[in-house]
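Have a look at the structure below before the remarks.
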Amino acid sequence: MQTAYVTHPACLLHDLGEVHPDAPARLGAIQDKLIAAQLFDWLLQIEAPAASRAQLQRVHDADYIDFIEANAPESGIRQIDADTALTPHSLEAAYRAAGALVAAVDAVMEGRVQNAFCAVRPPGHHAERRRAMGFCIFNNIAVGAAHALETHGLERVAVVDFDVHHGNGTEDIFRHDPRVMICSAFQHPFYPGTPFDDRNPNQINVPLERGARGDAFRAAVTDKILPALDAFRPQMIFISAGFDGHRLDDMSGLILTESDYAWMTEQLAAVARTHAQGRIVSALEGGYDLPALADSVAVHLRALMGI
């Protein structure tokens, strides 16, 4: 079966200015690389719908959604957090980014594709139930996981987050939900600086020191994340795919390469084949050096496609 590529033009219109790291050019660089690598035409293209309010309210409070809608400006840029802002086009982009995960889950669960990658922005994994932060407005991956549980009746899903920053928002949303295992490998200490708690057996945190290379990353994943996933037996795996731990990305202090991201994806694909009928839904989070991001997404997709 194919891999789906889910995106929407509105995700390009969320433009926070030339110097902002989360630039629309990120999605353009990814698509250009996939075309050049002759991967793009093999993907099933899906245009992301807008998430419904009911789908968002599974993971965000109604008052928070109201706050986002009320603060969408008619012109200019409006800060809603020290790191997060809205433009006149941000609201549609955020609804489409979350909706991409819904569409991806539906495509996988209906058997139209084996797995899916959502090329979306704004990213989502820092967005908590009641708070925007870290460029994130709605928690896209959480919307997708909740949709799999509530609409498709799955009993266990896992979220694996390898962005260089801790996936605090996803953890905040699912902290008390035993149906969701959250595995996060990230640089520590580092942004967002939120506390994490390993006493919950469904929260597996793997902090990595600044300067950690691929061998340390792979060892931590092998020792902690993969055994936890095998024990949990997820029926679908969600990936918060942040590529900002790449050695060329100046947003972080990790020293990872494309081969590390390919290896990680291959490991998760193996777990999915064993426990989840191969079902994976991945969503773009960070990654701000354009060539490194494009190359990393290409190997991530190759691994999802099994080529």
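The values are calculated or read from the model by the stated rules, or taken from the named source; none is laboratory data. Small disclaimer: the values here were computed from a predicted structure and weren't measured. Note that each Cβ is placed from the backbone with ideal geometry, even for glycine, and that neighbours are counted across all protein chains shown.
Looking only at segment 31-52, which residues are within 20 Å of Glu92 (Cβ to Cβ) and assigned to a helix (DSSP H, G or I)? Explain how you work it out, then say what you get.
Filtering segment 31-52 for residues within 20 Å of Glu92 (Cβ to Cβ) gives 31, 45-52.
Answer for segment 31-52, where residues must be within 20 Å of Glu92 (Cβ to Cβ) and assigned to a helix (DSSP H, G or I): just Gln31.
Would you check which residues across segment 266-299 are β-branched (Val, Ile, Thr), assigned to a helix (DSSP H, G or I) and either within 16 Å of Ala119 (Cα to Cα) or touching a Cys at 6+ places or on another chain (Cβ under 6 Å) (or both) and list them?
As a first pass, look at segment 266-299 and keep what is β-branched (Val, Ile, Thr): 271, 274, 280-281, 297, 299.
Right, trim to assigned to a helix (DSSP H, G or I) and you get 271, 274, 297, 299.
Listed by number, the residues that qualify are Val297, Val299.
Do we find that Gln45 is loosely packed, with under 14 Cβ neighbours inside 10 Å, in contact with a strand residue (DSSP E or B) (Cβ under 6 Å, 6 or more places away or on another chain) and over 21 Å from Val281 (Cβ atoms) in this structure?
Values: loosely packed, with under 14 Cβ neighbours inside 10 Å: yes; in contact with a strand residue (DSSP E or B) (Cβ under 6 Å, 6 or more places away or on another chain): yes; over 21 Å from Val281 (Cβ atoms): no.
Judged against the criteria, Gln45 is not a match.
Tell me whether segment 130-143 contains one or more residues that are in a loop (DSSP other than H, G, I, E, B), within 24 Å of Ala292 (Cβ to Cβ) and under 15 Å from the mean Cα position of the chain (by Cα). Explain how you work it out, then say what you get.
At the first step, the residues of segment 130-143 found to be in a loop (DSSP other than H, G, I, E, B) are 130-132, 134-135, 137-139.
With the extra rule that they be within 24 Å of Ala292 (Cβ to Cβ), the set shrinks to 134-135.
Now narrow it down to the ones that are under 15 Å from the mean Cα position of the chain (by Cα): 134-135.
Yes, the conditions are met somewhere in segment 130-143.
Out of (1) farther than 23 Å from Glu74 by Cα; (2) among the aliphatic types (A, V, I, L, M); (3) outside any strand (DSSP E or B), the odd one out for Ala4 is which?
(3)
Identify the single condition in (1) surrounded by fewer than 21 Cβ atoms within 10 Å (Cβ to Cβ); (2) among the hydrophobic types (A, V, I, L, M, F, W, C); (3) in contact (Cβ under 8 Å) with a residue 60 or more places away in the chain that Ala241 does not satisfy, given that it satisfies every other one.
For Ala241, the exception is condition (1).
Yes/no per residue for (1) more than 25 Å from Asp61 (Cβ to Cβ); (2) hydrophobic (A, V, I, L, M, F, W, C):
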residue	(1), (2)
Phe138	no, yes
Val159	no, yes
Pro189	yes, no
Thr194	no, no
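Among the residues that make up segment 196-214, is at least one of them assigned to a helix (DSSP H, G or I), in contact with a strand residue (DSSP E or B) (Cβ under 6 Å, 6 or more places away or on another chain) and crowded, with 17+ Cβ neighbours inside 10 Å? Show your work before the answer.
Of the residues in segment 196-214, the ones assigned to a helix (DSSP H, G or I) are 214.
Filter again for in contact with a strand residue (DSSP E or B) (Cβ under 6 Å, 6 or more places away or on another chain), leaving 214.
In the following step, the residues that additionally are crowded, with 17+ Cβ neighbours inside 10 Å were identified as 214.
Yes.
Among the residues in segment 280-302, are any buried (at least 24 other Cβ atoms within 10 Å of the Cβ), of a type in the set (D, E, K, R) and closer than 17 Å to Val164 by Cβ?
Scanning segment 280-302, I find at least one residue that is buried (at least 24 other Cβ atoms within 10 Å of the Cβ), of a type in the set (D, E, K, R) and closer than 17 Å to Val164 by Cβ, so the answer is yes.
Look through Val120, Val108 and report the one residue that is aliphatic (A, V, I, L, M) and either closer than 24 Å to Asp230 by Cβ or part of a helix (DSSP H, G or I) (or both).
Working: Val120 fails: either closer than 24 Å to Asp230 by Cβ or part of a helix (DSSP H, G or I) (or both).
Matching residue, one of Val120, Val108: Val108.
Out of segment 30-88, which residues are within 30 Å of Val299 (Cα to Cα), touching a residue at least 60 places away in the same chain (Cβ under 8 Å) and not small (Gly, Ala, Ser)? Lay out the reasoning, then the answer.
If we filter segment 30-88 for residues that are within 30 Å of Val299 (Cα to Cα), which is where we start, we get 30-51, 83-84.
Filter again for touching a residue at least 60 places away in the same chain (Cβ under 8 Å), leaving 30-34, 37, 39, 42-44, 46, 48, 51.
Listed by number, the residues that qualify are Ile30, Gln31, Asp32, Lys33, Leu34, Leu39, Trp42, Leu43, Leu44, Ile46.
Based on what the data block shows, is Pro178 more than 11 Å from the chain's Cα centre (by Cα), modelled with pLDDT under 95 and part of a loop (DSSP other than H, G, I, E, B)?
On the way: more than 11 Å from the chain's Cα centre (by Cα): yes; modelled with pLDDT under 95: no; part of a loop (DSSP other than H, G, I, E, B): yes.
So Pro178 does not fit the description; no.
Can you find a residue in segment 53-72 that is touching a Phe, Trp or Tyr at 6+ places or on another chain (Cβ under 6 Å), surrounded by 15 or more Cβ atoms within 10 Å (Cβ to Cβ) and part of a loop (DSSP other than H, G, I, E, B)?
no
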